[in-house]
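Written below as structure tokens is the structure these notes are about.
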Amino acid sequence: MYRRPAAVEIDYSAIEHNVRTLKGLTKQGTLFEAIVKADGYGHGAIDSATAAIRGGADRLGVATMDEALELRGAGITKPINVLSEPPLSAAGLVAEHDIIPSVATREFAMALGTAAHAEGRTARYHLKVDTGMNRTGVPFEDAADLALLLKDFPGLELEGTLTHFATAEVPGDWDFEKQLGRFETVLERMRVDGVEPGIVHAANSGATIIHQESHYDMVRCGIAIYGLHPGAAASRVVDLEPAMSVKTEVSLVKRIQMGEGVSYGLTWQAAAPATIATVPVGYADGIHRILSDRMSVLMAGEPCRQVGRITMDQIMVEVPRGITVTAGDEVVIVGEQGPSAISMDDVAEQAETINYEMACALGSMRLERKRV
Ligand SMILES: *Cc1c(COP(=O)(O)O)cnc(C)c1O
């Protein structure tokens with residue numbers, strides 16, 4: 001039941017298609033982890049995970065234990081990786097639900113092993129190596145030592161080894177090469193020490209699309225499974241189908257006189273008599289306020305300029321001369337209408353952010369999600 005004429009429409013078959021396309025870029029046998037953190041980048045974690053699995057995803061990746069447990073609670077049985085080390089206090093929960101954490105400290109690893117061992121189980125974990133992004137993971141200088149230290153710890157099994165790139169979406173980047181080199185050194189040291197690194201993985205969407213040499217045993221794709229590109233270079237390599245559109249309806253149309261202002265502060269004033277359409281979405285729906293007087297929407301198949309300040313629940317749009325709109329007509333914020341289209345990248349650029357943040361905001365704030 002959609003009581004509000006404003007929704008985020010998700011085409012889950014696009015996610016399925018994108019996973020299949022991205023898998024096609026990897027060698028036969030390479031595992032595919034679909035990243036569904038942050039409620040599937042605003043697309044819905046469970047439905048996105050299910051669609052990705054239909055498309056051939058072998059595993060799922062999330063940011064938090066709550067996200068992992070949500071997938072388990074929905075009956076998803078594929079292996080689930082938590083991409084950074086959970087808090088120490090969650091070690092018992094990790095072991096109990098057979099979630100595969102990324103490990104960066106001996107304290108967490110030992111708490112996990114101890115919890116698993118006490119229940120007569122073995123907890124799988126992946127060693128997360130910081131090769132230069134300086135965000136999470138064990139510093140690359142210490143990674144092989146940590147792996148060796150944990151090798152015979154009861155209740156623990158090293159199932160994989162990963163790193164994460166800071167500049168993967170940029171082709172020919174020297175920092176990317178540096179991170180890859182450091183990762184290689186860690187893997188070599190581990191093998192020399194008799195520690196088998198297991199499933200080796202490093203590539204996010206950007207690296208999956210433009211750095212074949214970083215695929216190893218598994219790739220981890222987030223943004224690209226939703227049909228959005230991690231950068232301009234990637235968009236030239238592969239065709240993806242955007243899964244998210246944002247649509248609503250005109251709620252009111254009125255004529256205003258020259259010199260009349262629109263919205264809070266009356267910052268926009270009509271230079272001539274104008275027709276203004278009110279559209280019932282605002283910054284509480286992820287239409288960031290910075291988009292005021294910058295964005296356009298599609299009405300009657302045409303791009304129309306948004307005018308005046310974006311408010312919490314409404315925006316106003318100037319209806320161009322020659323176009324007729326009435327209350328109830330469809331308004332497209334992101335997506336296609338007739339011959340026109342507005343992409344997530346267009347809106348993100350106008351909002352001075354990236355498609356990742358735009359999708360999270362539009363998909364997870366207030367708009368209802370509708371499958372199409
Ligand atoms: C979020 C994340 C990814 C996915 O990144 P995309 O650019 O969305 O493909 C992969 N690996 C890690 C560790 C992440 O945190």
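Just so it is clear, none of the values below were taken in a lab; they were calculated from the coordinates. Because the structure is a prediction, the values reported are computed rather than measured. For neighbour counting, all protein chains shown are included, and Cβ atoms are generated from backbone atoms with ideal geometry for every residue, glycine included.
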(request) Within 10 Å of each residue's Cβ, count the other Cβ atoms and sort V317, V192, V250 from fewest upward. (result) V192, V250, V317
(message) Considering all alpha-carbon pairs of the stretch 161-246, what whole percent are spaced by more than 16 angstrom?
(response) 54
(request) Report, to the nearest 10°, how far helix 140-150 tilts away from the longest principal axis of the Cα atoms in the chain, using its own Cα long axis and a range of 0 to 90°. (result) 50
(message) If I take every Cα pair under 8 Å that is 6 or more residues apart in the stretch 21-111, average their sequence separation and divide by the length, what percent do I get for the relative contact order?
(response) 22
(request) Would you give the gap between the C-alpha center of the stretch 306-365 and the C-alpha center of the stretch 30-96, rounded to a whole Å? (result) 31
(message) Can you give me the distance in nm between label points at I256 and D98, each placed 7 Å from the Cα along the Cα-to-Cβ direction?
(response) 6.0
(request) Mind sorting Y226, Y125, Y12 by how few other Cβ atoms lie within 10 Å of their own Cβ, fewest first? (result) Y12, Y125, Y226
(request) Could you tell me how many degrees, from 0 to 90 and to the nearest 10, lie between the Cα long axis of helix 174-192 and the main elongation axis, the longest principal axis, of the Cα atoms of the chain? (result) 30
(request) Return the tail of the calculated pair distribution for the stretch 51-136, meaning the percent of Cα-Cα pairs more than 23 Å apart. (result) 22
(request) Mind checking the full-extension length gain between K178 and E349? Use 0.36 nm per residue of separation minus the Cα-Cα distance, one decimal, nm. (result) 58.6 nm
(message) Once you place label points 7 Å from the Cα toward the Cβ at D66 and A232, how far apart are they in nm?
(response) 3.8
(message) Taking the number of other C-beta atoms within 10 Å as the exposure measure, put D313, D130, D285 in order starting with the fewest.
(response) D313, D130, D285
(message) From the phi angles alone, apply the Karplus equation (6.51, -1.76, 1.60; θ = phi - 60°) to the stretch 314-329 and give each ³J(HN,Hα) in whole Hz, x where the residue is Gly or Pro.
(response) 9, 10, 10, 10, 7, 7, x, 4, x, 10, 10, 10, 10, 3, x, 5
(message) Between S89, S235, S48, where does the largest GNM mean-square fluctuation fall for the chain, given springs only between Cα atoms within less than 10 Å?
(response) S89
(request) Quote the relative contact order of the stretch 93-245 in percent (integer), defining contacts as alpha-carbon pairs under 8 Å separated by 6+ residues. (result) 18
(message) Defining a contact as two alpha carbons under 8 Å apart and six or more residues distant in sequence, what relative contact order in percent does the chain show?
(response) 17
(request) Could you tell me the distance between the Cα centroids of the stretch 125-187 and the stretch 203-255, to the nearest Å? (result) 25
(message) Using each residue's phi in the stretch 26-39, evaluate 6.51 cos²θ - 1.76 cosθ + 1.60 at θ = phi - 60° and report the 3J(HN,Hα) Karplus result to the nearest Hz, with x for Gly and Pro.
(response) 9, 5, 3, x, 6, 6, 10, 9, 8, 8, 10, 5, 6, 6
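Please report the equivalent ellipsoid semi-axes of the stretch 1-86, computed as sqrt(5 x eigenvalue) of the Cα gyration tensor, largest first, in whole Å. Before the final figure, lay out each step's value.
Values: eigenvalues 101, 66, 21 Å².
Semi-axes (√(5λ), whole Å): 22, 18, 10.
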(message) Student exercise: in the chain, how many lysine pairs 8 or more apart or on different chains have Cα atoms under 27 Å apart?
(response) 19
(message) What value in Å³ per residue do you get for the convex hull of the alpha-carbon atoms in the chain?
(response) 147
(message) Within 10 Å of each candidate Cβ there may be at most 14 other Cβ atoms; applying that plus a DSSP loop requirement, which trypsin sites (Lys or Arg not before Pro) in the stretch 12-55 survive?
(response) K27
(request) Would you mind putting 193-206, 335-348, 261-274 in packing order, based on average other-beta-carbon counts within 10 Å, highest first? (result) 193-206, 335-348, 261-274
